[in-house]
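Since the structure comes first, as structure tokens, the remarks are kept for the end.
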Amino acid sequence: MANPLFNQTWKLSRFILRRDRFKLPIWLLSLTGITILIAESFTGLYPTDESRESIAQTMVNPAMTAMVGPGYGLDNYTIGAMMAHQMLLFTAITVAIMSILIVANHTRADEEDGNLEMIRALPTGRLSNLSATIVVLLGVNVVLAMASGLGLYALGIESMDLQGSLLYGAALGATGFFFTSVTALFAQLSESSRGTIGLSFTVLGVAYFLRAIGDVSNEAFSWASPLGWILGTEVYVNNYWWPIVLTCGVSVLFILIALYLSSIRDLGAGFLPSKPGKKNASPFLQSPLGLALRLQRTGLISWAVGMVFLGVSYGSVFGDLDSFFNDMEVMEEFLSPVAGVSITEQFTAKLMSIISMICTIPALMVLFKLKGEEKKNRVEHLLGRAVSRTRLLGSYFVISLITGFVMLSLAALGLGSVALSVMDSSMSLGTFYSSAMVYMPAMAVMIGIAALLVGFLPNITGFTWLYLGYSFFVVYLGGMFQFEEWVGNMSPFAHVPQLPVQEMEWGSTSALIVIAVALIVAGFAGYNKRDIQG
Amino acid sequence: MAILKTNQLTKQFGDFKALDGVNIEVNEGEVYGFIGPNGAGKSTTIRVLLGVLKASSGEATIFGQDVWKDAVAIHKRIAYVPGDVNLWPNLTGGEVIDLFVKLRGGNNQSRREELIKKFDLDPTKKCRTYSKGNRQKVALIAAFSSDADLYILDEPTSGLDPLMERVFQESVIDLKREGKSILLSSHILSEVEKLCDRVGIIRQGHIIESGTLHELRHLTRTHLLVETKQPITSLEGMKGVHDIEESEKGLSIQVDSEELDQVLQHISQFGVVKLESAPPTLEDLFMRHYESTGAGGAS
Ligand SMILES: Nc1ncnc2c1ncn2[C@@H]1O[C@H](COP(=O)(O)OP(=O)(O)OP(=O)(O)O)[C@@H](O)[C@H]1O
Ligand SMILES: [Mg+2]
């Protein structure tokens with residue numbers, strides 16, 4: 001790179017690799033590992049054509065389509081087709097999340113923390129850091145594509161040929177590259193790393209929902225979504241390569257725009273406007289609670305909008321639901337029907353488990369914000385004044401709990417009201433709402449675990465996310481993979497009565513509440529004892 | 001009367017002993033200077049005093065109350081400025097000041113306005129856009145506009161320009177006049193010399209020297225520059241004389257403060273033409289202690 005704007009790009013790339021020498025291998029290993037393991041487990045779970053045929057039928061319904069995308073080759077549902085149908089989209093989304101987080105970390109976050117200023121003061125080019133980040137992410141995604149592609153091929157499964165496997169890998173890599181470019185672009189536009197990550201995730205979310213709507217109703221929407229393009233490769237069935245080319249082409253375009261914007265802007269500045277501020281604090285801001293709310297205002301509002309959107313999206317598929325399920329006998333096995341309960345109600349129950357887990361995410365983020373504040377040395381401003389630790393953690397805890405409650409309410413009411421408007425059913429809005437609310441104790445357990453970690457081991461709060469991911473996997477996808485019972489029971493979400501299908505069960509619900517309270521009390525005790533780092 | 005007192009305060013981070021038996025005492029109405037090289041343990045001590053870190057052993061009390069157990073009660077009566085002021089990038093300086101003042105309990109709008117003017121801060125700007133010095137001003141204004149009994153200031157002037165440093169010093173002197181107590185950690189000796197009644201010097205977690213400035217001066221050397229009619233003889237052997245250097249301007253020597261009298265009597269025998277003396281500075285003392293470790297370390 002002779003251009004002085006790119007001076008030392010290679011050295012900076014190596015520096016990024018060095019900084020992320022643990023993070024990158026962990027991401028790569030777990031992504032390829034899970035992909036290969038799942039493909040391998042499919043051969044064990046569905047060894048015969050018949051078994052695959054029957055699962056194919058259970059998968060063909062609008063809710064599933066909205067969730068994982070349209071299936072291709074459903075009439076000849078090979079292991080390959082199954083992988084592409086059930087796993088590709090979620091894996092691609094995970095790859096996108098990886099790319100967003102890593103890019104934001106090395107671009108806007110470094111800039112915000114002032115690290116970039118020191119790098120810039122060295123004989124490096126103005127675009128070197130951004131291009132080094134892109135180079136690294138390109139490399140990471142290529143490695144991911146090759147590793148998962150070749151790994152899948154190496155399994156020697158009949159329906160997974162070399163070309164299809166490479167395309168599967170390429171689809172993952174292309175998604176990663178696309179979101180690399182999106183995040184690189186937002187890192188120029190937004191002035192903060194939170195903004196960068198938030199906007200990038202918004203694109204990911206919109207891409208997902210556009211595709212969901214498109215796949216269920218009008219295909220045009222799917223083609224407006226990069227995730228739609230990825231699924232459009234029809235891996236292992238028709239093996240189209242052109243969507244990969246399209247995705248990479250658009251990514252390159254975004255990267256060029258990002259580089260251009262980066263070359264003309266000041267360090268630390270963004271393009272999205274920031275307005276002059278207030279001279280005095282509003283009465284609302286003058287407490288730890290007010291401060292915590294204020295700091296997370298934008299995030300919480302975005303989540304609220306997202307949750308309404310989520311509920312409405314799911315609600316809109318309810319119209320087609322009954323006619324759809326009535327034709328299918330296999331579905332009955334899948335959802336294990338209960339006499340006198342409609343398919344719609346069963347579907348509702350199933351749906352609420354995932355919605356409640358998604359609503360747990362913002363609730364946990366609220367609590368972990370406190371840890372983030374500590375890392376940034378801002379907690380001592382509060383504790384150094386007349387604020388007790390209990391009051392501080394209490395503020396975040398209360399907001400966390402209320403956030404979970406409000407998010408769940410919004411999603412459930414959004415879902416219920418739209419569902420009721422598109423179908424004829426005896427179900428009431430109250431049924432929808434209560435089937436969501438029974439998940440509050442499980443959510444409280446998750447918040448309790450988060451509080452416990454913030455109280456005792458703030459460095460490993462990430463464990464909570466793993467646990468939530470695990471819960472999602474075993475509770476929501478559990479049916480698909482037929483895990484042992486105890487595997488599912490390890491999650492609090494597995495112990496929630498499935499209203500309206502099942503009866504309300506106060507025993508397990510009270511047990512969850514007791515566990516949650518115990519965790520929370522322990523968390524507060526720990527927080528009152530430990531060193532605050534800053 | 002001691003308003004702040006630590007007794008054999010020790011703080012261990014894993015295997016590393018950041019504080020090892022620290023004893024300091026700040027009396028009512030006094031400005032206590034807390035000085036030491038980078039990584040000596042000043043901020044750690046202060047954070048223990050704030051009840052943010054828990055001491056591994058030893059005890060610390062402020063207003064006679066335990067700094068860990070009674071943190072909130074104590075904090076109602078103290079104001080604190082951290083060494084590294086990190087603020088919320090999306091709040092304005094004005095909002096942060098109000099929040100801080102409010103969190104202590106109490107509200108003094110006129111004082112706030114006056115200080116904002118004195119420190120020349122634009123409170124409508126977001127903290128993200130503030131320089132290090134401006135962030136420090138926010139913390140200082142918040143601290144000074146609260147009506148506390150004890151002010152704990154951790155290197156409060158490290159980012160301020162000389163003009164603002166003076167404003168800071170004036171504010172401290174005002175507080176002192178009102179009878180407030182102040183614990184001031186610093187690297188800047190002129191500041192400590194100007195403001196502090198007593199100082200404690202910390203190095204590698206140990207208090208190596210403490211006392212009033214007057215007491216500490218006994219440990220320092222006065223620098224003399226003399227010119228005499230006859231050459232001075234037998235100076236080398238004298239007690240308390242160091243670093244003798246000949247130059248065109250005269251003879252330059254360092255004299256231990258306690259031996260000054262003896263040395264001057266000796267010199268006067270040779271017919272003094274010129275005598276210049278530089279006052280003993282804390283700097284000498286400081287340097288002498290720093291040098292013995294090669295100065296510095298991680299902070
Ligand atoms: N949380 C921590 N974990 C481990 N070591 C720490 C921690 N906090 C401080 N230290 C170490 O304790 C020592 C004292 O640090 P401290 O911040 O108190 O120094 P200081 O005197 O304030 O220095 P400076 O003048 O640079 O501000 C340093 O060696 C530092 O590395
Ligand atoms: Mg310090």
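Kindly indicate whether any position in the range A:435-452 is within 30 Å of residue B:43 (Cβ to Cβ), surrounded by 14 or more Cβ atoms within 10 Å (Cβ to Cβ) and within 14 Å of chain B (Cβ to nearest Cβ). No, the range A:435-452 has no match at all. The number of residues in the range B:91-125 that are open to solvent by 50 Å² or more (accessible area, probe 1.4 Å) and either of a type outside the set (Lys, Arg) or in contact (Cβ under 8 Å) with a residue 12 or more places away in the chain (or both) comes to 11. Among the residues of the range B:209-258, just one is open to solvent by less than 40 Å² (accessible area, probe 1.4 Å), closer than 16 Å to residue B:278 by Cβ and assigned to a helix (DSSP H, G or I), namely B:257.
Picking from residues in the range A:409-437 that are in contact with a helix residue (DSSP H, G or I) (Cβ under 7 Å, 6 or more places away or on another chain) and among the β-branched types (Val, Ile, Thr), the one that is nearest to residue A:518 (Cα to Cα) is A:418. Keeping to the range B:82-128, report how many residues are part of a loop (DSSP other than H, G, I, E, B), more than 7 Å from every other protein chain (Cβ to nearest Cβ) and over 21 Å from residue A:372 (Cα atoms). Residues that pass the stated criteria total 6.
Hey, does the range A:240-247 have a residue that's crowded, with 20+ Cβ neighbours inside 10 Å, at negative phi and not hydroxyl-bearing (Ser, Thr, Tyr)? Looking for residues that are crowded, with 20+ Cβ neighbours inside 10 Å, at negative phi and not hydroxyl-bearing (Ser, Thr, Tyr), one finds at least one in the range A:240-247, hence yes. Looking only at the range B:48-81, residues that are facing chain A (nearest Cβ under 7 Å), surrounded by fewer than 18 Cβ atoms within 10 Å (Cβ to Cβ) and under 19 Å from residue B:24 (Cα atoms) come to 1 in all.
Scanning the range B:202-226 for residues that are of a type in the set (Asp, Glu) and in contact with a Leu (Cβ under 7 Å, 6 or more places away or on another chain) yields a total of 1. Among the residues making up the range A:154-198, those that are within 14 Å of chain B (Cβ to nearest Cβ) and either surrounded by fewer than 24 Cβ atoms within 10 Å (Cβ to Cβ) or of a type outside the set (Val, Ile, Thr) (or both) are A:190, A:191, A:192, A:193, A:194, A:195, A:198. Farther than 30 Å from residue B:69 by Cβ, over 20 Å from the mean Cα position of the chain (by Cα) and either surrounded by 14 or more Cβ atoms within 10 Å (Cβ to Cβ) or within 16 Å of ligand 2 (Cβ to nearest atom) (or both): does that describe residue A:519? Here the answer is no, as residue A:519 does not meet what is asked. Total residues in the range A:152-164 satisfying the condition of being hydroxyl-bearing (Ser, Thr, Tyr) and touching a residue at least 60 places away in the same chain (Cβ under 8 Å): the figure is 1. Every condition in (1) open to solvent by less than 40 Å² (accessible area, probe 1.4 Å); (2) over 21 Å from residue A:374 (Cβ atoms); (3) part of a helix (DSSP H, G or I) holds for residue B:136 except the one numbered (2). Every condition in (1) without any contact (Cβ under 8 Å) to a residue 24 or more places away in the chain; (2) within 27 Å of residue A:371 (Cα to Cα); (3) not in a helix (DSSP H, G or I) holds for residue A:530 except the one numbered (1). Could you please let me know if residue B:264 is part of a loop (DSSP other than H, G, I, E, B), in contact with a Leu (Cβ under 9 Å, 6 or more places away or on another chain) and either farther than 30 Å from residue B:120 by Cβ or among the acidic types (Asp, Glu) (or both)? It is false that residue B:264 is part of a loop (DSSP other than H, G, I, E, B), in contact with a Leu (Cβ under 9 Å, 6 or more places away or on another chain) and either farther than 30 Å from residue B:120 by Cβ or among the acidic types (Asp, Glu) (or both). Considering only the range B:58-80, state which residues are within 16 Å of ligand 1 (Cβ to nearest atom) and either polar (S, T, N, Q) or under 19 Å from residue A:288 (Cβ atoms) (or both). Scanning the range B:58-80 gives a single hit, B:80.
Cβ-Cβ contacts under 8 Å between residues 6 or more apart (or on different chains), taken from a first residue in the range A:283-296 that is within 11 Å of chain B (Cβ to nearest Cβ) and crowded, with 18+ Cβ neighbours inside 10 Å to a second residue that is of a type in the set (Asp, Glu) and in a helix (DSSP H, G or I), are listed as A:285/B:95; A:285/B:98; A:286/B:98; A:295/A:373. When residue B:31 is tested against the conditions (1) within 14 Å of another protein chain (Cβ to nearest Cβ); (2) away from ligand 1 (no atom under 16 Å from the Cβ); (3) in contact with a helix residue (DSSP H, G or I) (Cβ under 6 Å, 6 or more places away or on another chain), the lone failure is (1). Taking the range B:14-63 as the search range and keeping residues that are among the basic types (Lys, Arg) and more than 16 Å from ligand 2 (Cβ to nearest atom), which one is nearest to residue B:181 (Cα to Cα)? Across the range B:14-63, the extreme among qualifying residues is B:54. Does the range B:196-204 contain any residue that is surrounded by fewer than 17 Cβ atoms within 10 Å (Cβ to Cβ) and within 16 Å of ligand 2 (Cβ to nearest atom)? Yes, the conditions are met somewhere in the range B:196-204. Just one of (1) within 14 Å of residue B:143 (Cβ to Cβ); (2) away from ligand 1 (no atom under 16 Å from the Cβ); (3) modelled with pLDDT under 90 fails for residue B:83. It is (2). If I ask for residues that are of a type in the set (Gly, Ala, Ser) and open to solvent by 60 Å² or more (accessible area, probe 1.4 Å), which ones from the range A:1-43 would you list? Once the filter is applied, which keeps residues that are of a type in the set (Gly, Ala, Ser) and open to solvent by 60 Å² or more (accessible area, probe 1.4 Å), the range A:1-43 yields only A:2. In this entry, residue A:393 passes the filter for residues that are crowded, with 20+ Cβ neighbours inside 10 Å, more than 9 Å from chain B (Cβ to nearest Cβ) and over 21 Å from the mean Cα position of the chain (by Cα). The combined condition, being more than 11 Å from every other protein chain (Cβ to nearest Cβ), surrounded by fewer than 17 Cβ atoms within 10 Å (Cβ to Cβ) and closer than 30 Å to residue A:128 by Cα, is fulfilled by residue A:272. For the range B:158-184, a tally of residues being surrounded by fewer than 24 Cβ atoms within 10 Å (Cβ to Cβ), more than 14 Å from chain A (Cβ to nearest Cβ) and within 16 Å of ligand 1 (Cβ to nearest atom) returns 2.
Counting the residues of the range A:341-380 that are open to solvent by less than 10 Å² (accessible area, probe 1.4 Å) and under 25 Å from residue A:520 (Cβ atoms) gives 18.
Scanning the range B:1-30 for residues that are part of a strand (DSSP E or B), within 13 Å of residue B:210 (Cα to Cα) and in contact (Cβ under 8 Å) with a residue 40 or more places away in the chain turns up B:22, B:26.
The values are calculated or read from the model by the stated rules, or taken from the named source; none is laboratory data. It should be emphasised that the depicted structure is a prediction, and the values quoted were computed from it without experimental measurement. When we count neighbours, we look across all protein chains shown, and the Cβ atoms used for this are built from the backbone with ideal geometry, even at glycine. Just the protein is used for accessible areas: all its heavy atoms, side chains included, with ligands, DNA and RNA removed. Shrake-Rupley method; radii C 1.70, N 1.55, O 1.52, S 1.80 Å.
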